[in-house]
1. Can you pull out every residue in region 102-129 that is loosely packed, with under 15 Cβ neighbours inside 10 Å, modelled with pLDDT of 95 or more and either within 24 Å of residue 80 (Cβ to Cβ) or more than 15 Å from the ligand (Cβ to nearest atom) (or both)?
2. Residues that are within 25 Å of residue 114 (Cβ to Cβ), in contact (Cβ under 8 Å) with a residue 60 or more places away in the chain and within 14 Å of the ligand (Cβ to nearest atom): does region 94-101 have at least one?
3. Which residues, taken from region 6-39, are surrounded by fewer than 19 Cβ atoms within 10 Å (Cβ to Cβ) and within 14 Å of the ligand (Cβ to nearest atom)?
4. Within region 45-59, restricting attention to residues that are near the ligand (Cβ under 10 Å from one of its atoms) and in a strand (DSSP E or B), which residue is farthest from residue 117 (Cα to Cα)?
5. Can you tell me which residue among 62, 69, 79 is assigned to a strand (DSSP E or B), under 17 Å from residue 128 (Cβ atoms) and more than 12 Å from the ligand (Cβ to nearest atom)?
6. For region 83-101, how many residues meet the condition of being exposed (fewer than 14 other Cβ atoms within 10 Å of the Cβ) and either assigned to a strand (DSSP E or B) or in contact with a strand residue (DSSP E or B) (Cβ under 7 Å, 6 or more places away or on another chain) (or both)?
7. Name the single residue that is modelled with the highest pLDDT among those in region 27-44 being more than 20 Å from residue 94 (Cβ to Cβ) and assigned to a strand (DSSP E or B).
Ligand code: MN
C-alpha cells in the first residue's frame, strides 16, 4: 500500500483536445500489469472535450455540477452529480460542463498496449455544443 498525498501530474487539458478551461488531476496510473487510469476532471463553465474514443471504453462518474455528454449519432444529454455514464469501447463521444455551470467527474479508463487511453478527433471544436 502507499498513500499519495500530492499529485504533481495535475495539468490543464491541452487545447488540441479540450475547449475552454479543463483541469486533469491524475489520481491513479498504477504500474503494469494494471491498465487502470483514473482522473478527476474539472471543467469550468463551457469547458468540454473534443470528440474522442477510448480503446476499452470509459466510465464517467459526475461528482459535482451540471454537464453534457453526447455519443455519436445521439442527442446531447444532461448529466449531474451522482450520474454515471458508461462509454463503450471505440464509441465516439464528448463530455464537459454546461455553458453556465462547473462540472467535475471521475474518469476511469484502461490503457491500450501502447499506453494510449484515447484517440482524438483532429479538430477540438464540437459543433453540437450549445452556443
Ligand atoms: Mn471520454
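The values are calculated or read from the model by the stated rules, or taken from the named source; none is laboratory data. Since the model is a prediction, treat every value here as computed from it, not as a measurement. When we count neighbours, we look across all protein chains shown, and the Cβ atoms used for this are built from the backbone with ideal geometry, even at glycine.
1. Those that are loosely packed, with under 15 Cβ neighbours inside 10 Å, modelled with pLDDT of 95 or more and either within 24 Å of residue 80 (Cβ to Cβ) or more than 15 Å from the ligand (Cβ to nearest atom) (or both): 125, 127, 128.
2. no
3. Correct list: 17, 24, 38.
4. Ranking the qualifying residues of region 45-59, first place goes to 49.
5. 79
6. 3
7. Checking each candidate, the answer is 36.
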